[in-house]
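Right, one structure below, let's go through it.
The values are calculated or read from the model by the stated rules, or taken from the named source; none is laboratory data. Predicted, not measured: the structure shown is a model, and the values here were computed from it. When we count neighbours, we look across all protein chains shown, and the Cβ atoms used for this are built from the backbone with ideal geometry, even at glycine.
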Amino acid sequence: MIKKKHPLDTQIIQLLQQQGLIKSEANARLKREVYQLKPDEVSKIHNYANHFGMKAKGTMIEEILEVRREAMISSISRVSLA
């Protein structure tokens, strides 16, 4: 099953490739910095889901990923400008 990519993911990968990373390296960095949740985040999400339900869990995960994507774009852009 192929996962649909978020538009910001494509932008992040392009920025990383402009910095000299190959596509697989850019994908690995994106996965590590955006999609890999820390154990404390997983427990918070699980606790949140127990109180508010599965739909709220999905919303919370999407919000976390969105903040991480924006932070990564910001940090990559700063490095590119320096």
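If the Cβ limit is 8 Å and pairs must be 6+ apart or interchain, which residue in the range 4-23 that is small (Gly, Ala, Ser) pairs with which residue that is surrounded by 11 or more Cβ atoms within 10 Å (Cβ to Cβ) and at pLDDT below 95?
Every condition considered, no pair remains.
So which residues in the range 1-36 are closer than 16 Å to Glu62 by Cβ, assigned to a loop (DSSP other than H, G, I, E, B) and modelled with pLDDT of 95 or more, if there are any at all?
The one that is closer than 16 Å to Glu62 by Cβ, assigned to a loop (DSSP other than H, G, I, E, B) and modelled with pLDDT of 95 or more: Gln36.
Working only within the range 5-32, note down all residues that are surrounded by 15 or more Cβ atoms within 10 Å (Cβ to Cβ) and of a type in the set (D, E, K, R).
Across the range 5-32, the qualifying residues are Asp9, Arg29.
Return yes or no: is Ala49 under 10 Å from the mean Cα position of the chain (by Cα) and without any contact (Cβ under 8 Å) to a residue 60 or more places away in the chain?
no
How do the pairs read when you match residues in the range 56-81 that are free of Cβ contacts under 8 Å to residues at least 40 places away in the same chain and of a type in the set (A, V, I, L, M, F, W, C) with residues anywhere that are assigned to a helix (DSSP H, G or I) and surrounded by 13 or more Cβ atoms within 10 Å (Cβ to Cβ), using Cβ under 7 Å and keeping only pairs 6 or more apart or on different chains?
Matching pairs, first to second residue: Ala56/Tyr48; Ala56/Ala49; Met60/Ile45; Met60/Tyr48; Ile61/Ile45; Ile64/Glu41.
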